[in-house]
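Nothing in this text is a laboratory measurement; each read-out follows from the coordinates by a stated rule. All values derive from a computational prediction rather than experimental measurement.
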Amino acid sequence: MHTQVLTTALIYLATGLFVAIVYLYVFRGSVPGGAPVALFIAVVGSFLGGVIETAFSHIIQTLQNVAGVNLFPAVITGTVLLMALGATTKLKSDTHEHE
């Protein structure tokens with residue numbers, strides 16, 4: 001039991017790191033606070049995705065698992081949270097440019 005919990009936590013942590021790196025360096029996204037904030041948001045999104053996966057596992061059970069962990073919700077939620085934060089930042093900077 002403890003091994004599975006630790007494995008799950010490490011996979012979600014790694015997934016959050018991956019999502020943050022892809023968001024920052026592949027999609028050239030920006031968030032206030034830079035990389036540390038992006039990493040935090042992505043990791044939180046990763047774990048939140050795990051909670052969502054648990055709640056809706058009957059719907060997403062057909063998605064591929066890695067080491068018994070469904071990565072789809074973690075990747076999607078981390079990405080969505082970063083995109084929302086980036087969009088908010090961009091909206092605020094566009095607003096300030098027009099003043």
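3J(HN,Hα) along region 29-36, derived from phi through the Karplus expression 6.51 cos²θ - 1.76 cosθ + 1.60 where θ = phi - 60°, amounts to x, 9, 9, x, x, x, 4, x Hz, with x in place of Gly and Pro. One chain, two ends: A14 and V80. Fully extended at 0.36 nm per residue, the span grows by 22.1 nm beyond their Cα-Cα distance. A full extension of the chain between K90 and T7 corresponds to an added length of 26.3 nm, given 0.36 nm per residue minus the alpha carbon distance.
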